[in-house]
1. Return the residues of region 147-159 that are farther than 15 Å from Phe173 by Cα, in a helix (DSSP H, G or I) and not charged (D, E, K, R); say none if nothing qualifies.
2. How about region 105-126: which of its residues are surrounded by 13 or more Cβ atoms within 10 Å (Cβ to Cβ), in a helix (DSSP H, G or I) and modelled with pLDDT of 75 or more?
3. Quick check: anything in region 413-433 touching a residue at least 40 places away in the same chain (Cβ under 8 Å), out of contact with any helix residue (DSSP H, G or I) (no Cβ under 9 Å at 6 or more places or on another chain) and not in a helix (DSSP H, G or I)?
4. So, of the residues in region 278-305 that are farther than 29 Å from Leu18 by Cβ and touching a strand residue (DSSP E or B) at 6+ places or on another chain (Cβ under 8 Å), which turns out to be surrounded by the most Cβ atoms within 10 Å (Cβ to Cβ)?
5. If you scan region 365-396, which residues turn out to be of a type outside the set (A, V, I, L, M, F, W, C) and over 16 Å from Met319 (Cα atoms)?
6. Checking Ser258 against (1) over 24 Å from the mean Cα position of the chain (by Cα); (2) surrounded by 13 or more Cβ atoms within 10 Å (Cβ to Cβ); (3) modelled with pLDDT of 95 or more: exactly one of these is not met. Which one?
7. Taking Leu18 as the residue in question, decide whether it is modelled with pLDDT under 95, over 21 Å from Leu206 (Cβ atoms) and within 27 Å of the chain's Cα centre (by Cα).
8. Spot the failing condition for Ile71; the list is (1) surrounded by 16 or more Cβ atoms within 10 Å (Cβ to Cβ); (2) closer than 21 Å to Phe173 by Cα, and only one is missed.
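The values are calculated or read from the model by the stated rules, or taken from the named source; none is laboratory data. Keep in mind the model is a prediction, meaning the values are calculated, not measured. Cβ coordinates were reconstructed from backbone atoms using ideal geometry, including for glycine residues, and neighbour counts include every protein chain displayed.
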Amino acid sequence: MKKLELHWQIMIGMVLGLVFGFGMTYLDWGKEFVLNWVAPLGTIFIKLLKLIAVPLILASLIKGISDLKDISKFRNIGLRTIGIYMGTTTVAIILGLVLVNVIEPGTGISEETIEKLTSTYANDEGVTAKLEEASRQKESGPLKFLEDMVPDNAVAALGNNQLMLQVIFFTIFIGISMLLIGEKRAKPLKDFFDSLNDVVLKMVDLIMLSAPFAVFALLANVVVSSSDPEILLALLKYAGVVVLGLLLMIVFYCILVSVIAKKNPFWFLKQLSPAQLLAFSTSSSAATLPVTMERVEEHIGVDKEVSSFVLPVGATVNMDGTSLYQGIAAVFIAQALSFDLPLSGQLTIVFTALLASIGTAAVPGAGMVMLVIVLESVGFPPDKYAIGLALIFAVDRPLDMLRTVVNVTGDATVATIVAKSVGKLHDDPKAKNWDDHYEEVK
C-alpha cells in the first residue's frame, strides 16, 4: 500500500485537531484537558524545530558560501535577494492599502462593538506587552537595526533564536573568511560543517515524522483558547479583507514562479505545502525554517548555495504577509475610530512598514508590535493605541497563522527566483528520507 504523502497526513491532523478542539469546548473539563494533556505535544514539536534552527543556519550557510569558491557569486546572490524581498514587500503593502480603501471594512463597525472590544482587550496582557515592546523599539535610532545585526558575543547570539540576524552575520563572516584562507586550509572546517549539515537535515526528517500529531495538538489548543465568537463575527469584514489580500499575494507568487522560474505553480505549492501547513500551525517563520529549507532544497530543487542564504535572511527580514496586514490594519483602525488618513499618510505607511519588517522577529504576534510603529508614523493619537490594538486583537491569532503562510511562501518564491537567475535551480531534486541509511545501522 502506498504511503500517504506528508502534506495529506498534516492536513488530516489539522482537521482532526479542529474537530477535537471544537468538541472539547462543549465539555466543562475540555479546555483544561487540552491545555494540560494535548497542547504540550505541539509545544515540544515547536521546541524541536527551534532547537535545530540555529545549527541548520550555521552549517547550511557556511557550506553554501564555501561551495561558491568565488566571493563575487555571493555578492550577486545577496544583492538580488535583498532587492527582490524589498520589491515583494512593497507590492504586499500597496495591495493591502488598495483593498482596505476600496472595501472600507472599518466603516461598518458600530460604537457598541468598539466599546465591547475596548473593554475586553484594551487592558489585556497581550495588548499592553505589545505596546511596551513597540515603545522600546521606537526609542532606538534610525540605524539601530544595523547595529543589532552585529553580535558582541557569538555564543550568546547562537544561543538565542530571536537573534537570527546576528547568527546570519556571524556565519557569513566565517564563510567569507574560509574562502579567503584558501580551499586547502579551510578543508578540515568545511568537512565538519558539511557533516553537521547532513546530520541536522536528518534531524528535520525525524522531527517531521511527528508533524501530523503535532499540528493536531496545536490546532486543538488554538480552538479551545479562541475568543468570543460574537466578537469574531463583528470583525468578519476586516478579517475577510486581510484573507483576500493574503490569497492575492499567493496568486502573485504563483505568477512569479511561472513567469520567471518557469515552474508549474501548482507543483510548486504542492512541494512546499508541508512547510505552509506548519507555518499555519506554528505562526512562526523561524520555527518553520528547517522544514522550509528541506522542502525548497530537496523537493523544489534550489541549490544549497542559494537556499542557505536566501531562506534564513527571508525568515528574518521578509514579512510580506505581515506587511500587507500592517497596511490593512492601520487604515481599518483609522476608519473605525474616524481618524483622517490622507494619501500622504498612506504613503508613509508603505515606507514605515517596509523598514519595520526588517527588524521584526519571526515569532507569533510580532506584527502587532510593527503596527504600533506604523500607527505612530501617521500621527495616530498615542492615547488611542490600546483601543486600536483592541479592535483587532480578537482575530489576530488566526490572521497571524495565515500571514505566516504567506511569509514562508514568499521566502520560498524568492529563493526559487534567485536560484533560477544564477543557474542554481535543478530540474531533478533528490528528496531524502529518514531511513535512507537505516539498513546500514539496524
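1. So the first thing to find is which residues in region 147-159 are farther than 15 Å from Phe173 by Cα, and the list is 147-148, 156, 159.
Filter again for in a helix (DSSP H, G or I), leaving 147-148, 156.
Ala156 - this is the single residue of region 147-159 that is farther than 15 Å from Phe173 by Cα, in a helix (DSSP H, G or I) and not charged (D, E, K, R).
2. Going through region 105-126, the residues surrounded by 13 or more Cβ atoms within 10 Å (Cβ to Cβ) turn out to be 105-106, 108-109, 113-114, 116-118, 120-122, 124, 126.
If we keep only those that are in a helix (DSSP H, G or I) too, we end up with 105-106, 108, 113-114, 116-118, 120-121, 126.
Within region 105-126, Pro105, Gly106, Thr113, Ile114, Lys116, Leu117, Thr118 meet the criteria.
3. Scanning region 413-433, I find at least one residue that is touching a residue at least 40 places away in the same chain (Cβ under 8 Å), out of contact with any helix residue (DSSP H, G or I) (no Cβ under 9 Å at 6 or more places or on another chain) and not in a helix (DSSP H, G or I), so the answer is yes.
4. It comes out as Val302.
5. Keep residues of region 365-396 that are of a type outside the set (A, V, I, L, M, F, W, C), which gives 365, 367, 376-377, 379, 381-385, 388, 396.
Listed by number, the residues that qualify are Glu376, Ser377, Gly379, Pro381, Pro382, Asp383, Lys384, Tyr385, Gly388.
6. It is condition (1) that Ser258 fails.
7. Values: modelled with pLDDT under 95: yes; over 21 Å from Leu206 (Cβ atoms): yes; within 27 Å of the chain's Cα centre (by Cα): yes.
So Leu18 passes the test.
8. If we test Ile71 against (1) surrounded by 16 or more Cβ atoms within 10 Å (Cβ to Cβ); (2) closer than 21 Å to Phe173 by Cα, just (1) comes out false.
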